[in-house]
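Asks: To start, I am sharing the structure in question, which I have written as structure tokens.
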Amino acid sequence: MTQTVTPAADPGLEARYRARSLWLDTIPEPLIPRPSLESDVDCDVAIVGAGFTGLWTAYYLKQLDASLRIVVVEREVAGYGPSGRNGGWVSSGIAGAARAYGYGRGAEPVQRALRETQNTVDEIGGVAEREGIDCGYLKAGALTVATTEPQRARLESNSARTYERGDIARALDPGELEQLVHIPGVLAASFTPDAARIHPARLVRGLGHVCERLGVTIHERTAALEVSPGRVRCATATVRADTVLRATESYTTQLPGESRRYLPLYSLMIATEPLPADVWAELGWRDGLLIGDAHHLFFYSQRTIDDRIAIGGRGSPYRLRRPISERHERSEEVAERLRQALRRHFPAAADAAVTHHWGGPLAVPRDWSMSINFDPRTRVGLAGGYSGHGVVASNIAGRTLADLVLGRDTDLVTLPWVGHRSRRWEPEPVRFLASRAIVGILGQADHFEDRTGRTDRRTRLVSPFMPPG
Ligand SMILES: Cc1cc2nc3c(=O)[nH]c(=O)nc-3n(C[C@H](O)[C@H](O)[C@H](O)COP(=O)(O)OP(=O)(O)OC[C@H]3O[C@@H](n4cnc5c(N)ncnc54)[C@H](O)[C@@H]3O)c2cc1C
């Protein structure tokens, strides 16, 4: 028998959660935490973390076996982490480096993985529709633009490389580009139809409600202190379970013995006020179209369901003492870089007020490549390390973990990230210096290339810390 305590509404706490992103700020429901766990409980599957990975896993487990007793423990509220803060790109493409998944020793597994990411864009839209999750899902594709020669060269070589693996991104001619959006000074552009826009907090929160309807118990404001076979020890009580799954992505580095599993690299965003129809007409931005560029520190953007531009990019390295903290989620320098990208690419919106600025930690493994692991002996599993591509990857992880837990012999469980292990990051301060170098050198290279139109070779200095090939 579980004893629970319903927290009283706490306006300060709700304001803190809403301040984490535009998306959490604009969800229509109140953000009052669910009851926390107050006494020990037994169940079949315990899941730590109520982001996309944890909730997709609970959802698919319930689809396969409705009788399973599933308990999710979440330190804050569902969607508190990057699942409620991201760019809302539901985009195909493998999370990680093809070579890390064995590309080169044979192309087939990586091609299969890529196809799975393409199918998953539709899978997410399908679930949202079936389950009535109003998350603004709109599949209108993703565009990448190059506005300097070095960017053009990168875009073309990237496209050629990924095309070989079965990616269906293709180059656009200027006429085709004009049909999608008006951006000045574009030298080259590539487009993939396998991408959709969402309001991520609506999806992750909606998924939480769907899971509850299916009988999953979610305890919020419940921190797991220790995750081990058969049990999750929380501050106030313990969840005993046949199967234990860890879905804490970048926050995994805060658990005992896990600090070097990932580099917690920050990605930050800004959003404008809602823009009027005449500005959208001038921008010519097809609704739902995702737009990014080919800078080293590239931007990613979307037209939101309430007609804002939300635009993000990497930057802001973590601080050595506390790699993950709400204090690292804003940076005037990164916000200014994003405002410049906004002015340059979308001049009709140049005068729009920026109403929101936020960010969150990406989980970057040493080889930048994701893992889904389940040990059938200990019945402990985990998924993560999506390196900033977790929206699609977490859905794949959810379906795959469900199959692994239930011992199902499906195509998913033989994809190349299943059982993949990246080596750990070097001890501090090397990991910290690597994060500084990645952000610093790539930022300087972007400046140099924008100024001179020539490729900056200094980026080689950080290649030992970047994805392999
Ligand atoms: C600014 C930004 C933009 C991004 N844009 C995109 C994008 O457009 N497309 C894309 O594909 N990816 C994007 N990503 C990455 C993507 O958001 C993540 O990879 C994905 O959301 C990870 O989901 P998750 O459920 O694994 O982890 P999270 O969303 O981090 O969820 C983990 C949960 O675990 C909880 N938790 C942590 N520790 C504990 C504990 N000890 N006990 C209990 N609970 C705990 C946390 O509170 C959190 O709610 C972006 C990320 C950021 C930060």
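Asks: With n ≥ 4 as the cut-off for DSSP H runs, can you work out [θ] at 222 nm for the chain, using -39500 (n - 2.57) per run divided by the number of residues, rounded to the nearest 500?
Replies: -10000 deg cm²/dmol
Asks: Could you work out how much longer the chain between residue 149 and residue 129 gets when fully extended? Use 0.36 nm per residue separation minus the Cα distance between them, nm to one decimal.
Replies: This chain segment gains 3.0 nm when fully extended.
Asks: What percent do you get for the relative contact order of the chain when only Cα pairs under 8 Å and 6+ apart count?
Replies: 22 percent
Asks: Given the whole protein assembly as supplied and a 1.4 Å probe, what does the accessible area of residue 134 come to in Å², nearest 10?
Replies: Rounded to the nearest 10, that gives 110 Å².
Asks: Further, regarding this structure: Using the crude model of +1 on Lys and Arg Cβ and -1 on Asp and Glu Cβ, and no other charge, please compute the dipole size for the chain relative to its Cα centre, in debye to 20.
Replies: The calculation lands at about 1600 debye.
Asks: Convex hull over the Cα atoms of the range 3-75, averaged projected area in nm²?
Replies: Projected over every direction and averaged, the Cα hull of the range 3-75 covers 5.9 nm².
Asks: Please figure out what share of the DSSP beta bridges in the chain is antiparallel and state it in percent, rounded to the nearest 5.
Replies: 70 percent
Asks: Once label points are set 7 Å from the Cα along Cα→Cβ at both residue 242 and residue 156, what is their separation, rounded to one decimal in nm?
Replies: For residue 242 paired with residue 156, the spin-label model returns 5.8 nm.
Asks: What relative contact order, as a whole-number percentage, does the range 369-469 give when Cα pairs under 8 Å and 6 or more residues apart are counted?
Replies: 22 percent
Asks: From Cα pairs below 8 angstrom and at least 6 apart in sequence, can you work out the relative contact order of the range 247-323, rounded to a whole percent?
Replies: Averaging sequence separation for qualifying contacts and normalising by length gives 34 percent for the range 247-323.
Asks: Between 455, 88, 341, whose Cα lies farthest towards the positive end of the dipole of the chain when Lys and Arg beta carbons carry +1 and Asp and Glu beta carbons carry -1, centred on the Cα centre?
Replies: After comparing all options, I get 455.
Asks: Select from the range 372-402 those trypsin sites (Lys or Arg not before Pro) which occupy a DSSP coil region and have at most 15 other Cβ atoms within 10 Å, ordered by residue number.
Replies: Sparse-neighbourhood loop trypsin sites (Lys or Arg not before Pro): 377.
Asks: Can you tell me which of 302-312, 116-126 comes out highest on packing, and rank the rest after it, using the mean Cβ neighbours within 10 Å?
Replies: Most protected by this proxy first, the peptides run 302-312, 116-126.
Asks: Calculate, in nm to one decimal, what residue 409 and residue 336 gain on full extension: separation in residues at 0.36 nm each, minus their alpha carbon distance.
Replies: 21.3 nm
Asks: Separate question: Sorted by accessible area with a 1.4 angstrom probe, largest first, how do 346, 298, 465 fall?
Replies: 298, 465, 346
Asks: Right, here's the next one. Where Lys and Arg each count +1 and Asp and Glu each count -1, what net charge lies around residue 48 among other residues with Cβ under 9 Å from its Cβ?
Replies: Every neighbour counted, the sum reads +1.
Asks: Further question: What list of ³J(HN,Hα) values in whole Hz, one per residue of the range 195-202 in order, does the Karplus curve 6.51 cos²θ - 1.76 cosθ + 1.60 (θ = phi - 60°) give from phi, with Gly and Pro shown as x?
Replies: Along the range 195-202, the couplings run 7, 9, 9, 9, 9, x, 5, 5 Hz.
Asks: For the residue pair residue 325 and residue 105, what label-to-label distance in nm results when each label sits 7 Å from Cα along the Cα-to-beta-carbon direction?
Replies: Calculated label separation equals 4.2 nm.
Asks: If packing is taken as the average number of other Cβ atoms within 10 Å across a peptide's residues, how do 16-24, 255-263 rank, most packed first?
Replies: 16-24, 255-263
Asks: Here is a follow-up. Distance between the C-alpha centers of the range 314-332 and the range 380-430? Whole Å please.
Replies: Centre-to-centre distance over Cα atoms comes out at 25 Å.
Asks: Quantify how much of the Cα-Cα distance distribution of the range 179-276 extends past 16 Å, in percent.
Replies: Cα-Cα pairs in the range 179-276 separated by more than 16 Å: 77 percent.
Asks: Pop the C-beta distance of residue 351 and residue 16 into the FRET formula with R0 = 25 Å and round what comes out to the nearest 0.05.
Replies: Efficiency computed from Cβ-Cβ geometry: 0.20.
Asks: Right, next: Taking Rh as the Kirkwood radius computed over C-alpha pairs, what is the Stokes-Einstein D of the chain at 20 °C in a medium of viscosity 1.002 mPa s, expressed in µm² per second?
Replies: 95 µm²/s
Asks: If the only charges are +1 at each Lys and Arg Cβ and -1 at each Asp and Glu Cβ, what is the size of the charge dipole of the range 312-378 around the Cα centre, to the nearest 20 debye?
Replies: Computed charge dipole of the range 312-378: roughly 180 debye.
Asks: Across every pair of different alpha-carbon atoms, what Kirkwood hydrodynamic radius in Å does the range 355-405 reach?
Replies: 12.2 Å
Asks: Rounded to the nearest 0.05, what FRET efficiency do residue 233 and residue 278 have when you use their Cβ-Cβ distance and R0 = 41 Å?
Replies: So the FRET efficiency works out to roughly 0.10.
Asks: Considering the Cα trace of the range 273-394, what is its radius of gyration and what is Dmax, both in angstroms?
Replies: Rg and Dmax of the range 273-394, Cα atoms, are 17.8, 61 Å.
The values are calculated or read from the model by the stated rules, or taken from the named source; none is laboratory data. No experiment lies behind these values; they were computed from the predicted model shown. A quick note on method: Cβ atoms are made from the backbone with ideal geometry, for glycine too, and the neighbour counts reach across all protein chains shown. Side chains are part of the model used for accessible areas, which takes the heavy atoms of the whole protein and leaves out ligands, DNA and RNA. Shrake-Rupley method; radii C 1.70, N 1.55, O 1.52, S 1.80 Å.
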